[in-house]
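See below for the structure under consideration.
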Amino acid sequence: MAPIKLAIVGVGKIVRDQHLPSIAKNADFELVATASRHGTVDGTPAYETIAAMLAAHPEIDAVSLCMPPQFRYEAALEALTAGKHVFLEKPPGATISEVEDLKRLAGSKGLSLFASWHSRYAPAVEMAKSYLAASAMKSMTVTWKEDVRHWHPGQAWIWEPGGLGVFDPGINALSIVTHILPKPVFLTEAELEFPENRAAPIAASLTFSNSDKLPVKAVFDWRQTGKQSWDIEAETAAGKMRLADGGARLFIDDALAFEAPEEEYPNLYRRFAEIIGAGISDADIAPLTHVADAFMLGRRKIVETFQD
Ligand code: NAP
């Protein structure tokens with residue numbers, strides 16, 4: 001089969017770190033153009049706008065939209081209207097209703113829409129899901145603590161409305177939790193800490209439950225220096241599970257049960273090719289729904305100013 005002719009929109013950090021190497025290794029895709037106001041990829045035709053790129057390259061089959069979430073809907077609308085399949089970086093949009101609108105549009109045109117949740121493709125996630133499916137759960141605790149200055153230096157958009165603040169990494173945890181829990185949960189309580197000078201939270205603590213009254217706690221914090229924590233722990237009737245390092249390793253009763261090399265973005269592109277081939281979409285909005293609930297239900301606390 002001929003490769004899927006792909007274009008990238010929004011050439012920045014995640015494109016360079018992950019998309020380009022993953023696309024280069026995947027024979028199902030051929031990168032034919034980029035659209036970005038400043039960013040370019042050596043050897044690939046570059047345009048400043050998606051409109052100019054689509055006009056110059058009618059052969060494009062699919063686009064990966066990698067700009068910040070606040071600017072994704074307009075680009076997705078242009079791409080779907082032009083008949084292209086769409087890969088949305090996470091989070092898939094700035095609101096739930098705009099993503100629902102894209103799902104409806106993609107469905108009406110028979111195009112594939114992919115809301116990519118890269119953390120779901122971390123190596124030990126499927127094993128954690130199987131473990132939880134086989135043993136009665138008693139509780140879950142999520143700890144996602146990292147240093148924003150290290151991971152997001154100078155990213156102004158992340159502190160703006162729709163940038164999600166600490167939920168930008170926190171939604172990765174929620175994407176795993178919503179995938180591995182045998183039964184959905186809903187938010188019952190939250191506290192969001194907003195720096196006095198920022199429009200998005202720097203920390204959040206969340207409490208979830210479900211119809212079995214399963215206690216699920218999550219703590220997200222961007223002020224962590226030193227050791228970074230991306231852990232999901234569960235107490236079950238069979239023992240204690242810890243999905244560590246963002247899903248890279250699984251521990252059962254403190255003993256390493258599984259680890260494998262990281263393949264998140266290669267797996268995302270395999271899945272994108274698969275859904276295009278099958279003529280379906282894959283656009284789960286559960287992680288984004290929990291974030292929206294946190295902004296709706298969460299008590300807001302103003303904390304000290306944050307300077308990059
Ligand atoms: P980034 O480098 O700050 O932004 C990506 C590119 O988007 C920028 O280089 C910029 O390119 C374009 N852009 C920025 N503001 C824009 C605007 N107002 N309108 C249109 N385009 C704009 O961010 P990133 O770290 O790559 O993150 C992008 C997305 O990927 C986010 O949703 C993030 O959550 C997700 N993601 C990031 C990481 C990570 O480690 N960084 C990991 C996984 C997922 P031009 O100036 O050339 O237009």
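What 222 nm value per residue comes from the helices of the chain, counting each DSSP H run with n ≥ 4 as -39,500 (n - 2.57) and dividing by all residues, nearest 500 deg cm²/dmol?
-8500 deg cm²/dmol
Here are some pairs, K25/K145; K183/K227; K138/K227; K129/K240; K5/K25; which of them have Cα atoms lying more than 23 Å apart in this structure?
In this structure, K25/K145; K183/K227; K138/K227 lie more than 23 Å apart at Cα.
I'd like the accessible area for S22, computed on protein heavy atoms only with a 1.4 Å probe and all protein chains in place. Round to 10 Å², please.
10
Would you mind checking which residues have amide H under 5 Å from K240's amide H? H placed 1.01 Å from N; only 5 or more apart, or other chain.
Those lying under 5 Å, H to H, from K240 are D253.
For the stretch 210-226, take each phi angle, set θ = phi - 60°, evaluate the Karplus expression 6.51 cos²θ - 1.76 cosθ + 1.60, and give the result in whole Hz per residue in order, putting x for glycine and proline.
Going residue by residue, I get 8, 5, 8, 6, 5, x, 10, 10, 9, 10, 10, 8, 9, 9, 7, 10, x Hz, with x marking Gly and Pro.
With everything on Cα atoms, drop me the angle between helix 96-109 and the longest principal axis of the chain, reported from 0 to 90° to the nearest 10.
Around 40 degrees separate the two axes.
With the chain treated as a Gaussian network of Cα nodes joined by springs under 10 Å, which of G165, G12, G43 yields the largest mean-square fluctuation?
In this elastic network of the chain, the residue with the biggest mean-square fluctuation among G165, G12, G43 is G43.
Which residue, D254, D231, D28, has the most motion in a Gaussian network model of the chain that connects Cα atoms within less than 10 Å?
Maximum among the listed residues: D254.
Using alpha carbons only, how many degrees (0 to 90, rounded to 10) separate the axis of helix 286-297 from the longest principal axis of the chain?
Tilt of helix 286-297: around 60 degrees.
How far is it, in nm, from the label point at A24 to the one at F71 when both lie 7 Å from their Cα along the line to the Cβ?
Those two pseudo-labels are separated by 2.5 nm.
Once the piece of chain linking A51 and A133 is laid out straight, how much longer is it, given 0.36 nm per residue of separation minus the C-alpha distance between them?
The span from A51 to A133 would gain 24.9 nm if fully extended.
Can you give the longest run of the chain that contains no trypsin sites (Lys or Arg not before Pro) sitting in a DSSP loop with at most 13 other Cβ atoms inside 10 Å?
Of all site-free stretches, the longest is 38-212.
Share of antiparallel DSSP beta bridges in the chain, in percent to the nearest 5?
The antiparallel fraction comes to roughly 55 percent.
What nm value, rounded to one decimal, do you get for the distance between E233 and F258 when each label is placed 7 Å out toward the C-beta?
Distance between label points: 2.1 nm.
About the Cα centre of the stretch 4-115, how large is the charge dipole given +1 on each Lys and Arg Cβ and -1 on each Asp and Glu Cβ? Please answer in debye to the nearest 20.
Charge dipole, the stretch 4-115, about its Cα centre: 160 debye, nearest 20.
If one takes the longest principal axis of the Cα atoms in the chain, at what angle in degrees, from 0 to 90 and to the nearest 10, does the Cα axis of helix 72-81 lie?
Roughly 50 degrees between the two axes.
The values are calculated or read from the model by the stated rules, or taken from the named source; none is laboratory data. Quick caveat: nothing in here was measured; it's all calculated off a predicted structure. Here Cβ is always computed from backbone atoms with ideal geometry, including for glycine, and neighbour counts include all displayed protein chains. When the accessible area is computed, the model is the full protein with side chains, heavy atoms only, and any ligands, DNA or RNA have been set aside. Shrake-Rupley method; radii C 1.70, N 1.55, O 1.52, S 1.80 Å.
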